[in-house]
Amino acid sequence: MLKVKDLNVYYGKIHAIKGIDFDVKNGEIVTLIGANGAGKTTTLKTISGILKAEKGVISFDGENITRIKPHLIPDFGVAHVPEGRQVFAQMSVYENLIMGAFIRKDKREIANDIEMVYTYFPRLKERHKQLAGTLSGGEQQMLAIGRALMTKPKLLLLDEPSMGLAPILVDEIFSMIQTINGAGTTILLVEQNANKALRIAHRGYVLETGVIKLTGTSEELMSNDEVRSAYLGG
Amino acid sequence: MKLFFQQVINGLNSGSIYALIAIGYTLVYGILKLINFAHGEIMMFGAYFSFIAAATMDMPFWFVIIFSMGLSAILGMLVEFVAYRPLRQAPRLSALITAIGVSMFLQNVSLMVFGADPKVMPRIFPNVVFNIFGIEISSITLITIGLSVFFMILLELFISHTKQGRAMRAVSENQDAAILMGINVNRTVSITFLIGSALGALGGILYSTAYTNIAPTMGTMPGLKAFVAAVLGGIGSVPGAMLGGFLIGMIENMSKAYISTTWADAIVFLILIIVLLFKPTGILGKDIKEKV
Ligand SMILES: Nc1ncnc2c1ncn2[C@@H]1O[C@H](COP(=O)(O)OP(=O)(O)O)[C@@H](O)[C@H]1O
Ligand SMILES: [Mg+2]
């Protein structure tokens, strides 16, 4: 579904992504794990076109999307839940979800999908009129995921959904990611929390300072000594 | 007491014009974090366009308004496209200096095209003066307030209930997140300039109808006061710009009546300073930060 080949991304002179290759197949949860500053966010932003690739090819369902303008990426079926949630703070929960459906015209379907998001995250329904900026971190994460789902994506890019959340909320969100995947959405999950990410992912890649160091199934990575010592706390 | 109510009417009259112009500053600031110093000149061109339609083409008032708002909207979008868009990623100071440059450029263009001699705006609205309990209200005042309020309500409906209006709010809140929703930022910015410039032009038409003179420098002072109004109300906030506009109009007219004509402008700026000391974001300016 998603194929990344020899991707190189720069910030000015800083070479942040140094020729990485990876792919995500239809129906999978694939995780990209790595320490702070490894280049995870840069990778996702380049897939959604916010950053430009200096070199390399990103293709989605066989189409080359490397040079597509960022606002046209959602049309391909790629949705991005950015790092730090980035909800529209001064809009209500409901309006945030409506914003997610910006590229869609099917009014009735949109209403159904909002209900679907509310069944995934009942707390959002309770707070549908509340301004997003006044939600807790966990609720904002739910809203950011819900908003991305409203684009009706085939592939969901998630940038550190566990960041800054209490462990119990992380579990709740990760189990919801599994549910969303079970309902047919492919997922690329970027995480520093390698332990939790590998537990729900089918496969993973380990990113270190812009280079992919290791790849394998989640079981393989979890039993790998390097991964255990560097990312799973021994 | 009569004087007081007379000044309330006058304040609403000039206040509604300031409010119309202030909206343009606040919309553009909200979306680009740029103080569009050329906005007063758009208002001035709006006045000239209305003069052309009314004096040389002898058109009815509704045509004059549509003609002027339409041409000014195009002019505003052109300014954005040519002068501000290439500087989108540049430091805001560069864009600000460019805006001042555009303002001077437009003043000089108008000086070349229309000449330095002020033009006299023909009467496009009927001028009847009503006397209600000794307070004089002219039909022009009523039309000014009515048209302004009508367009402000239209704008509010647009911003809160239409897809494009939501896109404007989304871009002004969080540009990257808006892009991820599939919103075309360039298009949204163009629409913002279209709306702001059209409303500014309406302000120019109403201003020149009230004061009858049209000149290349006429945008400077009302532009500055409308900017003050936008800051007072909370720059970036549309209701803030409206409130600020009416407040400035009111303060200005009350000062003229009760304090001093020559000091009226100074008092307007003094009040701005005092308000900003207590509430730096302006009266309705929000500063909700996302929780992380
Ligand atoms: N806007 C930026 N300008 C310059 N360098 C940046 C910028 N954003 C990120 N970087 C650098 O790129 C590298 C990768 O960053 P990032 O993709 O944010 O990592 P991660 O998401 O894995 O924490 C880091 O070395 C970081 O310092
Ligand atoms: Mg990151």
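Solvent-accessible area per residue for the protein assembly as shown at a 1.4 Å probe radius, Å²? Working shown, then result.
Working: 22630 Å² over 526 residues.
Roughly 43 Å² per residue, with all protein chains present.
Can you give the accessible area buried between chains B and A, summed over both chains, with a 1.4 Å probe, in Å² to the nearest 100? Please report the intermediate quantities before stating the final value.
On the way: alone 14160 and 10990 Å², together 22630 Å².
The B and A chains share an interface burying roughly 2500 Å².
Quick one: helix A:107-120 against the long Cα principal axis of chain A, what's the angle to the nearest 10°, folded into 0 to 90?
That helix lies at roughly 70 degrees to the long axis.
Is the shape of the protein assembly as shown best called rounded, prolate or oblate, per the rule: a/c under 1.5 gives rounded, else a/b larger than b/c gives prolate, else oblate, with a ≥ b ≥ c the square roots of the Cα gyration tensor eigenvalues?
On the way: a/c = 2.69, a/b = 2.29, b/c = 1.17.
Note, shape of the protein assembly as shown comes out prolate.
Pop out the carbon and sulfur fraction of the accessible area of chain B as a percent, whole number, probe 1.4 Å. Write down the numbers at each step before the final one.
Working: 9190 of 12850 Å².
Ligands and nucleic acids excluded, carbon and sulfur give 72 percent.
Could you give the distance between the Cα centres of the range B:1-72 and the range B:149-165, to the whole Å?
17
Sum up the charges of everything whose Cβ sits under 15 Å from the Cβ of A:ILE187, counting Lys and Arg as +1 and Asp and Glu as -1, but leave A:ILE187 out.
Residues near A:ILE187 contribute +2 overall.
Let me spell out the model: positive unit charges on the Cβ of Lys and Arg, negative unit charges on the Cβ of Asp and Glu, origin at the Cα centre of chain B. What dipole size does that give, in debye rounded to 20?
On the way: 17 positive and 12 negative charges, 113 e Å.
Roughly 540 debye for chain B.
Can you tell me the length gained on complete extension of the stretch B:GLU136 to B:THR56, counting 0.36 nm per residue apart and subtracting the Cα distance? Provide the component values of the computation, followed by the final result.
Working: separation 80, 0.36 × 80 = 28.80 nm, distance 3.16 nm.
Stretched fully, the B:GLU136-B:THR56 segment lengthens by 25.6 nm.
Roughly how many debye, to the nearest 20, is the charge dipole of the protein assembly as shown about its Cα centre, given +1 on each Lys and Arg Cβ, -1 on each Asp and Glu Cβ, and no other charges?
Details: 45 positive and 38 negative charges, 63 e Å.
Roughly 300 debye for the protein assembly as shown.
Where does chain B land on the Kirkwood hydrodynamic radius, alpha-carbon pairs, in angstrom?
Values: mean 1/r = 0.0517 Å⁻¹.
One decimal place: 19.3 Å for the Kirkwood radius.
Could you give the angle, 0 to 90 degrees to the nearest 10, between helix B:264-278's Cα long axis and the longest principal axis of the Cα atoms of chain B?
Computed tilt is about 40 degrees.
When the accessible area of each residue in the range B:177-198 is compared between its chain alone and the complete protein assembly (1.4 Å probe; ligands, DNA and RNA ignored), which residues differ by at least 10 Å², being lower in the assembly?
Listed by number, the residues meeting the 10 Å² cut-off are B:ALA177, B:ILE179, B:LEU180, B:MET181, B:GLY182, B:ILE183, B:ASN184.
Using Cα atoms only, what is the angle between the long axis of helix B:238-258 and the major principal axis of chain B, expressed in degrees (0 to 90) to the nearest 10?
For B:238-258 against chain B, the angle is about 30 degrees.
Cα-Cα over 31 Å: which of A:LYS40/A:LYS105; A:LYS129/B:LYS33; A:LYS5/B:LYS163? Let's see the in-between values first.
Details: A:LYS40/A:LYS105 33 Å; A:LYS129/B:LYS33 28 Å; A:LYS5/B:LYS163 37 Å.
Long pairs (Cα-Cα over 31 Å): A:LYS40/A:LYS105; A:LYS5/B:LYS163.
Provide the percentage of antiparallel DSSP beta bridges, counting only those with both residues in the protein assembly as shown; round to the nearest 5. Each step should come with its number before you reach the end.
Values: 28 of 46 bridges.
So the antiparallel bridges in the protein assembly as shown amount to around 60 percent.
Sum -39500 (n - 2.57) across every DSSP H segment of at least 4 residues in chain A, then divide by the residue count to get the 222 nm mean residue ellipticity, nearest 500. Walk me through the numbers before you get to the answer.
Values: 10 runs with 88 residues, N = 234.
Estimated from H runs of four or more residues: -10500 deg cm²/dmol.
Check each of the trypsin sites (Lys or Arg not before Pro) in the range A:64-123 and keep only those in coil by DSSP with at most 11 other C-beta atoms within 10 angstrom; list them in order.
Numbers: sites: A:ARG67, A:ARG85, A:ARG104, A:LYS105, A:LYS107, A:ARG108, A:ARG123; in loops: A:ARG67, A:ARG85, A:ARG104, A:LYS105.
Those satisfying the criteria are A:ARG67, A:LYS105.
Given the peptides A:22-28, B:36-42, arrange them by the average over their residues of other C-beta atoms within 10 Å, most packed first. Walk me through the numbers on the way to the answer.
Working: A:22-28: 16.3, B:36-42: 29.0.
Put in order of decreasing packing, that is B:36-42, A:22-28.
If you take the charge dipole of the protein assembly as shown about its Cα centre, with +1 on Lys and Arg Cβ and -1 on Asp and Glu Cβ, which of A:ILE187, A:THR119, B:LEU270 is farthest toward its positive end?
Most positive-ward Cα: B:LEU270.
Just name one of B:MET254, B:ALA215, B:GLY233: the one whose Cα is farthest towards the positive end of the charge dipole of chain B (beta-carbon charges, Lys/Arg +1, Asp/Glu -1).
It is B:GLY233.
For the pairs A:LYS18/A:LYS213; A:LYS3/A:LYS55; A:LYS52/A:LYS213; A:LYS3/A:LYS45; B:LYS2/B:LYS225, flag any whose C-alpha to C-alpha distance is greater than 18 Å.
Numbers: A:LYS18/A:LYS213 12 Å; A:LYS3/A:LYS55 14 Å; A:LYS52/A:LYS213 23 Å; A:LYS3/A:LYS45 15 Å; B:LYS2/B:LYS225 27 Å.
With Cα atoms farther than 18 Å apart: A:LYS52/A:LYS213; B:LYS2/B:LYS225.
Taking amide H atoms as placed 1.01 Å from N in the peptide plane, list the residues 5 or more away in sequence, or in a different chain, whose amide H sits under 5 Å from that of A:LYS213.
Result for A:LYS213 returns A:VAL206, A:LEU207, A:GLU208.
Per DSSP H run of n ≥ 4, the term is -39500 (n - 2.57); total these for chain B, divide by its residue number, and report the mean residue ellipticity at 222 nm rounded to 500 deg cm²/dmol. Write out the running numbers ahead of the final one.
Values: 11 runs with 203 residues, N = 292.
That comes out to -23500 deg cm²/dmol.
The values are calculated or read from the model by the stated rules, or taken from the named source; none is laboratory data. Source: prediction; values computed, not measured. Heads up, the Cβs are rebuilt from the backbone with ideal geometry, glycines too, and the neighbour counts pull from every protein chain shown. We work out accessible area using only protein heavy atoms, side chains counted, and drop any ligands, DNA or RNA first. Shrake-Rupley method; radii C 1.70, N 1.55, O 1.52, S 1.80 Å.
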